[in-house]
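Engineer: Below you will find the structure I want to go over with you.
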Amino acid sequence: MIDILHQPFMTKIANYIKDDFQFLNFIPDEIPEDSLLCTFDVVSLYSNIPHSLGIEAITYWTEKYPGVLPHRIPKDFIIDSICLILNNNYFQFGNLNFKQINGTAMGTNMAPTYATLTLAFFENKL
């Protein structure tokens, strides 16, 4: 549910490209010879987002665009739910159980949107 509620914020990111088709529609038909197309990747992004930064980012988006969330769902509910998810990431490796204390789990539904909104927030601060 948290991911579904955050999806509409993705359209508010100025340079967000949803998929290959959107990218192909975005680039011009002819690219000048002196152009450089490049991409970047953040190594181990999900596990390297400090909880405080992620919460600050989600708070930023919910406050900047208050009309995006349904009125019946308070912002505090969203933040509390994210904290619950972040602070209860458990996994098993072999016969051992672990609690993930940094970042967000790759397997949680909210991770891609959470990470993208956090990076966009970070980029807006630059």
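Engineer: So, P66, is that one over 16 Å from the mean Cα position of the chain (by Cα) and not hydrophobic (A, V, I, L, M, F, W, C) or not?
Structural biologist: yes
Engineer: Please list, ordered by first then second residue, the pairs with beta carbon atoms under 9 Å, 6 or more apart or interchain, first in region 1-25 and farther than 17 Å from I85 by Cβ, second of a type in the set (G, A, S).
Structural biologist: Correct list of pairs: M10/A120; K12/A120; I13/A120; A14/A120; N15/A120; Y16/A120.
Engineer: Taking region 66-109, which residues are assigned to a loop (DSSP other than H, G, I, E, B) and either aromatic (F, W, Y) or over 20 Å from P8 (Cα atoms) (or both)? Steps first, please.
Structural biologist: Looking only at region 66-109, we keep the residues that are assigned to a loop (DSSP other than H, G, I, E, B), and these are 66-74, 87-88, 94-95, 101-109.
Correct list: N87, N88, G94, N95, I101, N102, G103, T104, A105, M106, G107.
Engineer: Sticking with this one: If I filter region 29-65 down to residues being among the hydrophobic types (A, V, I, L, M, F, W, C) and assigned to a helix (DSSP H, G or I), which single residue comes out as farthest from T104 (Cα to Cα)? Steps first, please.
Structural biologist: If we filter region 29-65 for residues that are among the hydrophobic types (A, V, I, L, M, F, W, C), which is where we start, we get 31, 36-38, 40, 42-43, 45, 49, 53, 55, 57-58, 61.
Cutting the leftovers down to assigned to a helix (DSSP H, G or I) gives us 45, 53, 55, 57-58, 61.
On the way: L45: 9, L53: 12, I55: 11, A57: 14, I58: 14, W61: 18 Å.
The qualifying residue farthest from T104 (Cα to Cα) is W61.
Engineer: Which of the following residues is surrounded by 13 or more Cβ atoms within 10 Å (Cβ to Cβ) and more than 15 Å from Y114 (Cα to Cα): F91, F77?
Structural biologist: Numbers: F91 fails: surrounded by 13 or more Cβ atoms within 10 Å (Cβ to Cβ).
Testing whether each residue is surrounded by 13 or more Cβ atoms within 10 Å (Cβ to Cβ) and more than 15 Å from Y114 (Cα to Cα) leaves just F77.
Engineer: With P70, P28 as the choices, which residue is surrounded by fewer than 10 Cβ atoms within 10 Å (Cβ to Cβ) and in contact (Cβ under 8 Å) with a residue 12 or more places away in the chain?
Structural biologist: On the way: P28 fails: in contact (Cβ under 8 Å) with a residue 12 or more places away in the chain.
That would be P70, the only listed residue that is surrounded by fewer than 10 Cβ atoms within 10 Å (Cβ to Cβ) and in contact (Cβ under 8 Å) with a residue 12 or more places away in the chain.
Engineer: Of everything in region 14-28 that's of a type in the set (D, E, K, R) and in a loop (DSSP other than H, G, I, E, B), which residue is farthest from the chain's Cα centre (by Cα)?
Structural biologist: The first filter runs over region 14-28 and keeps only residues of a type in the set (D, E, K, R), leaving 18-20.
In the following step, the residues that additionally are in a loop (DSSP other than H, G, I, E, B) were identified as 18-19.
Values: K18: 13, D19: 15 Å.
Of everything passing the filter in region 14-28, D19 is farthest from the chain's Cα centre (by Cα).
Each reported figure results from applying straightforward, stated rules to the coordinates on display, with no laboratory input. Please read these numbers as outputs of a predicted model, since none were measured by experiment. Here Cβ is always computed from backbone atoms with ideal geometry, including for glycine, and neighbour counts include all displayed protein chains.
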